Every structure is written in structure tokens, then in C-alpha cells.
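What follows is a single structure, written as C-alpha cells, with notes after it.
Coordinate-derived values only; no laboratory data. Note that the coordinates shown come from a computational prediction; the quantities given were computed from them, not determined experimentally. Don't worry about glycine lacking a Cβ; one is built from the backbone with ideal geometry, like all the others, and counts go over all protein chains shown.
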Amino acid sequence: MAALGMLDSANLNGGQKLAVKYFTVAIALFGAQILFGLLAGLQYLYPDFLYGVLDFSVNRMVHINAMVVWLLYGFIGATYWLLEDEAQHPVVGLALGNLIFWVLTLAVAVVVVVYLLIQIGPGEHSTIWLINEGREYIEAPRWADIGIVVSVLVFFYNVAATFAKGRYTGIGGVLTLDLIALAGLYLAGVFYTPNISVDQYWWWWVIHLWVEATWEVLVGCLMAYALIKTLGVRRKIVETWLYIEVALMFGSGILGLGHHYFWIGTPEYWFTIGGFFSALEPIPLVAMVVHSVFDAGAHKMKSTNHPALAWIIAHAFGNFFGAGVWGFMHTLPQINLYTHGTQWSASHGHLAFFGAYVTIVIGFIYLALQKWRGNVWMSGGLVDGGWKWKWSLALLHIGMIGMTIGLLVAGYEQSQIERAIEGSTWTGYFAAQAHQWFQQGIFWRQIFGWVFAAGFVLLVWDLMTIGKRETRPIQAMQAEAA
Amino acid sequence: MTEATWWASESFWRKTAIWVTAVSFVILIFLTFDSLSQISAGSKRVPAYSVINHRIDYVFDEKRNFQVPVIGPEEPLFGKKLTEEEAAALVSRGKVTTQAKNCMNCHTLLGNGAYFAPDLTKAWLDPSWGSKEAREQLMVDFLKDPSDKLHNAIGRRMPNLGITDDEARAVVAFLKWMSAIDTNGFPYNFKPIDQSDPAPAAPTATAAPGAIGSPAQN
Ligand code: HEM
Ligand code: HEM
Ligand SMILES: [Fe+2]
């Protein structure tokens, strides 16, 4: 085994070697997401910026697609990370898994290059097959959809077969079932229909049932594993909590889908069903906060990996505020009538994706780096005082909260002026966009966007250096009495 | 101490999780069948594509307490009445074009998409087009090259997306059809373009006050 503090893949098991590849691409795409977010944000302030070269639609598409792909890479990486440990068995079909990693990454690269250089095509089906599908978040052209489905099937085979050959823990069982649902839902977005109501009906199956059901349960599994790892919480407690969270999450999130069916042509009964069940969605998120904070407190914050634990706690709070509070604020139809499709949605979308998903993926990357460097010390009293991880965490949060508030101000103004007063005509839309409160909101969004970007640079620097000159081995964990 | 309470038992919560998920999912499937039948093209909420042969308005409904689409007298798009198949093909071509040109990453459709440009749900009915007679051609011209046709003072311009004449007409057909979908009153308080027929031969322009308040207004 290599010296402590050196990045050495001999420190990792097979699944973990694959995991760090996924993490590396994830971070690169996170960088791309931020870059194109900044470009799109600038176009709000300077409409002629890159006009006709990289139009807003292109920048925004790359921005949100990079996000979806890097978070999925983060989830796949995290799953491969814990797989052998959890199943107590080497990953089944690892060579195939490796091959698929390269195929998928190549496909992603081609898709992005086509987005940037070709951008759009003639109004024919060939465009949907080859260039872009033009449906928000799932713009990937049809050929890539097929590739994604095949890749996910291989991934799923790796996971299910490894648990089957090794052992199925509670976490393993929930994870496997959840992955079936997650992959199956993607198929709801892989078809064409001229009927825009039917189109959006199924489109929301993918988007909502991902982020408010299957992704939530997936990160619930990741959090359960991370709490065992960083704090040494007893498995029985963690897994009981996981089942409670699954019950609450699916119990509210599946029918909560109805909060997207108020205005797309679907019947009026969705007002009641969507409003009621989505209003319950914050409950499991509160449960997660209680769970993680209680566990951390019960262990007197004595963790084996401070940055990872900090990001896991950030996840619990971020999920609660971004999804739970910001989501709840506009989920009742009486309010959503005015906020639907305004900067309100953007405010919530940013805080929720960041708080719920970015945080936990970063937490896992810290777990990975610790082991990759030979299980080094990552508790309190790091060599440089840990200023880099602390400051990057702070800057990323300040940046994100600042953007969220800026967009919220813009969203309030827009829902009042464009929606309530002007009735959403084109004139009304631009009256609201030109209003100084709106302009101030998006100006501050941009400023805090730069803060966020600075936090990202620091994060990357920290990920490359943390534990480098460390000579102490990982802090011993006091296991709970069984 | 461990087995004492049911509510702290792992197996109880495992079963609960499975049951809650299964029941929710079954209800969703059931509602999906019902919703899909209510939003198929040609249903009450989502009209047949041939609705583009008619005038479409958006009028306040006392009973539902919000505006609803109202299908009016025959007013064929581009003056040409289409069969159901022709209309379906045209609208579909328009829909594909909106996807191929990535409209949704600047605009919202039915309120979903991006927020850089106006919502298109009722674009067909927008008063900015001036008059209902000029509207069709203005829309086609705009779509074919919007880059010098600003609708605002903040300098935001739609880019030239290389939309052909045929594609533009198809997109207009799609927009006209979309404006006829019953969206439960979204967008609220919308002020549609005046589509009333010219008042029957009022002698002079000075008679104007009497011409206001035609039935199509709300
Ligand atoms: C981590 C979980 C969540 C994520 C990542 C998330 C993300 C998003 C995003 C990105 C959108 C905008 C979609 C678009 O582009 O049109 C959205 C819309 C919405 N979300 Fe969430 N969300 C989450 C959880 C929640 C929860 C728990 C609630 C309710 C309690 C909620 C309520 C809503 C509503 C009502 C809308 C529709 C906004 C509109 O009408 O424009 N979300 N969400
Ligand atoms: C430097 C930081 C960022 C900037 C300047 C930025 C900017 C933008 C802009 C301009 C849009 C388009 C909004 C519109 O249609 O009007 C957007 C959309 C979006 N961004 Fe970001 N973004 C940043 C970071 C992030 C991060 C970190 C996330 C999540 C992890 C994120 C998630 C999203 C989502 C989900 C949408 C779609 C929202 C919706 O449709 O409601 N962004 N962003
Ligand atoms: Fe949702």
C-alpha cells in the first residue's frame, strides 16, 4: 500500500476505482454548468451578449443538461462507491461497467459538442433524433436516449447482481428497487406526440417523479450509508429511518405530481390532489433533518470526515429549505396561478437542486478522497486548518442563497405585475421584465453567481489537495453498542 | 426493550413503505387513464386539430369563475379550410418545429419552459399583433426573421432560427391550436386581441361609443 496522503488507486476496491472516474467527470460538468449559467445570466443583463452565436436558449440548455448529467454521474459514482462495501462482494460485471463509463462519457461529449456547434435543425423528426429534442431537461437527442437507457441497464445489472451475489442489506434493497423506478421513468420521456398536453403530462413524470420521488429516495440511501460511515450510527436505526422516509416520500411525492397538472389541460380534480399531496412533501424532508442532526449530535460531532459530514448536514438543511420550504411556498393552486412559470420557479429550482443534490454528491466525493489517499485523517485540525473546504462551502452557500433571493424578488415582482395585473400578455411580460425591481433582482443574481463560481474554484482546489501532506491515519470510530 | 414498540420496529416500517408506495402508484395509474382520456385531441378540454378552422377566443365563464377558450364561427387559418387529417399534420409539423428550434429554452408553453421570453400559451390571442386580420402574416414574418422586430424597450430580441415559410405557417397553426386548450384559467386575467366582427356598417367613425362593448369583450 502506498504512503499515507498519496492518491493511489491501490487504496480503492474495484467499484470505487470506477466511482472516482464518475466523480471526476461529474466535477468537470459541474464547472460547465456554472460557466453556461453565468453566460445565460449575463444575457439577461446584456441581451446582445453572444446574440446569434451562443443564444440564451443554447446556454440555458447546456446549463441544465450539464446539471442533470453531472448529478446522475454523481449518483452512479456514489452507488459504485458503496456497492462492494454494502454487498460484501466485488462488483459483478465490473469490466462491462468500465466500458459503459467510457461509452457514456463519449456520448455526453458528442451531445454537448452538437448542442454548441449545430444547436438547432430543420423542423423535422431527424432533428429530434440527431440534434436535440427541444424538451426542457431531457433535450438529449433520441440516439443518445437509447445509449442512456442501455448504459443504465448495465449499471443496474452491476448493482442488482452484486447485491444478489453478496448480501441484500436494507439500504441495498431500497436502492435496487429505486433504481428500477428511476430508469423506468426515463422511458416516459422518450416519445413524440403533437399533443402538447399529453407531452407535458408524461414529461412531468420524468422530471417530478425523478426529483421529488426517486432521486430523493436515492439520496436517502446515500445519506444512510454516509451516516454509518462518518459517525458510526447503528445500521438498524439508520435503516428503520430509511423505511420511514421512503413511506413519507413516496406517499406524498407520487400523487404530489398533481401540482404540475393544474394548467396544462388536465382536469380540475388535480387542484385538490396535487395541492394536498404536494403540501405534505416537506414532511419527510423535516424527518431527514431531524435524523441527521440528531445522529450528529448524539455522536458529539465526532466524525471521521468533517467535510463530508458538513456537506451531509448541508444536504439535510438544503433539501428542507430548497425543496420543502421554497417548493411549498408556490405549490397551492391559488398561488401557483400567479407564480407558475415565473422567476419564482427558477428561485426554487436553484435552491432545491443545489440543496438536495449538489451537496450530497460533494459529500460523497470527500468520502472518496479520504480513502483514495489511503484513509487519511479528515477530522478536526487539518494541516492548513481546513480553510479551503470551509471557505468553499461558505462561498457556495452564500452564492446560492444570494441568487435564490435575487430571483425570488424578481419572481414576486413578475407574479404581481405581469401575472396578476397585466394578465400575462407580451406587453405585460415586458412591463415586468423592465421594472427596476426585476432588473435589480437579476443583477444581484449575477453578482452572487460570481461568488458561487469562486466557491467552485476553491472547491476544486481543495478536492485536489485535501489530505495531501497528511501523515495521520483516519480517526478511529467509536462504534455504537449494538 | 428493543421489541417493545411497534412504531420503532424495522419490519413494520418496511411493510408500510411498500404498501404506501404501491397504493399511491395504483391511484396514479388510475388517474392517468382518466386524465389521458380527457386530454386526447378531440376531447372537450383539448380540441381536435381542425379547431384551427375556427375563431378561438378566451372568455370569462361565470360558473367556473375564470376565462375559458370559446370556439367561435369558422375562420380558417390562412383562409384555407383544412380537413381533420390536414390540420393534424400541420399542427404536428409546427410542434416538431418548436422542438427542433428549441423554443422552450427561452419561452414557456402552458407555463413550462424558460423565462427569458413571453409565455406562448395564448400567443395567438395576444393583443400585440394589432388586428386579427393582420395577425397571421405578422406572425409568419416575425418567426422567419425576428431579429429586427423588437417588442420591448430592454433590447431582448428573438434570434433568427432559420425557420422557413412552411415551418412558420405550421408553427402558427400549432399556436392557434394550443390557445384552444382548456387550461383552467391560466393565464389569469389575460386580455385577448379584439376578434369581434366589424360592426355592421356604422355610418361614420363618430359613432364609435356605440360600437364598444361587443360580445367578445369581457
Ligand atoms: C429536491 C427536490 C426538488 C427539486 C430538485 C425541484 C426542482 C424544481 C424545478 C427545477 C422546477 C421548475 C421546473 C421547470 O423548469 O418548469 C420545479 C417546479 C416546481 N416545484 Fe419543485 N423541486 C423539488 C421539490 C419540490 C417540493 C417538495 C415541492 C412542493 C412542496 C415543489 C414544488 C414545485 C412546484 C409547485 C413547481 C411548479 C412551479 C411552476 O408552476 O412553475 N418542488 N421544481
Ligand atoms: C453561477 C451560478 C449560476 C447562474 C448564474 C445560473 C443562471 C441560470 C439562468 C440564467 C437560468 C435560466 C433561467 C430562465 O429560464 O430564465 C438558469 C436555470 C436553471 N439553473 Fe442555474 N445558474 C447557476 C447555477 C446553478 C446551479 C448550481 C444549479 C443547480 C444545481 C442550477 C440549476 C438551474 C435550474 C434547475 C434551472 C432551470 C430553472 C427553471 O426552469 O425553473 N443553476 N440558471
Ligand atoms: Fe414537482
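Laid out as a table, the results:
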| item | result |
| --- | --- |
| The range B:47-178: projected area of the alpha-carbon convex hull, averaged over directions, in nm² | 8.6 |
| For B:Ile56, distant residues with modelled amide H under 5 Å away | B:Gly72 |
| Peptides A:252-260, A:329-337 ordered by average Cβ neighbours within 10 Å, highest first | A:252-260, A:329-337 |
| Cα gyration tensor category, rounded, prolate or oblate, for the range A:182-286 with a/c compared to 1.5 | oblate |
| Qualifying trypsin sites (Lys or Arg not before Pro) for the range A:226-321 [loop in DSSP, other Cβ within 10 Å: at most 14] | A:Lys300 |
| Label point distance in nm, A:Lys390-B:Glu86, each placed 7 Å from Cα along Cα→Cβ | 7.5 |
| Number of partner chain Cβ atoms within 10 Å, mean per residue of B:18-24 | 6 |
| Tensor-based shape of the range B:30-69 (alpha-carbon gyration tensor, a/c under 1.5 rounded, otherwise prolate or oblate) | oblate |
| Residue with peak Gaussian network fluctuation, chain B [Cα springs, cutoff 10 Å], from B:Lys176, B:Lys144, B:Lys15 | B:Lys15 |
| Number of partner chain Cβ atoms within 10 Å, mean per residue of B:37-50 | 3 |
| Candidates B:Pro198, B:Pro146, B:Pro118, ranked by Gaussian network fluctuation over chain B, Cα under 10 Å, top entry | B:Pro198 |
| Cα-based shape type of the protein assembly as shown, given that a ≥ b ≥ c are square roots of the gyration tensor eigenvalues and the cut on a/c is 1.5 | prolate |
| For B:Val68, residues with placed amide H under 5 Å, excluding near neighbours | B:Val59, B:Phe60, B:Asp61 |
| Shielding by other protein chains, A:127-134, mean Cβ within 10 Å | 4 |
| Sequence-distant aspartates and glutamates (8 or more away, or on other chains) whose Cα lies within less than 17 Å of A:Lys388 | A:Asp462, A:Glu470 |
| Alpha-carbon centroid distance for the pair the range B:1-76 / the range A:226-252, whole angstrom | 32 |
| Set B:Lys81/B:Lys101; A:Lys236/A:Lys302; B:Lys63/B:Lys149; A:Lys21/B:Lys101; A:Lys302/B:Lys15; B:Lys44/B:Lys132 screened for pairs whose C-alpha atoms are more than 29 Å apart | B:Lys63/B:Lys149; A:Lys21/B:Lys101; A:Lys302/B:Lys15 |
| Total charge dipole magnitude, the range A:1-156, about the Cα centre, Cβ charges on Lys, Arg, Asp, Glu only, Debye to nearest 20 | 140 |
| Given 12 as the ceiling on other Cβ atoms within 10 Å, longest exposed-site-free region of chain B for GluC sites (Glu not before Pro) in DSSP loops | B:63-218 |
| Value of relative contact order over chain B, rounded to a whole percent, pairs C-alpha under 8 Å and six or more apart | 22 |
| √(5λ) per eigenvalue of the Cα gyration tensor, the range A:1-167, largest first, Å | 35, 20, 11 |
| Footprinting exposure proxy for B:Arg157, A:Arg445 (fewest neighbouring C-beta atoms within 10 Å first) | B:Arg157, A:Arg445 |
| Most fluctuating residue given options B:Asp57, B:Asp119, B:Asp34, as computed from a GNM of chain B linking Cα atoms under 10 Å | B:Asp34 |
| Centre separation in Å (Cα based) which lies between the range B:138-168 and the range A:23-48 | 26 |
| Computed P(r) (all Cα pairs; the range A:246-380; 10 Å bins; percent) | 13, 34, 28, 16, 8, 2 |
| Coil-residue trypsin sites (Lys or Arg not before Pro) of the range A:98-175, DSSP, other Cβ within 10 Å capped at 16 | A:Arg167 |
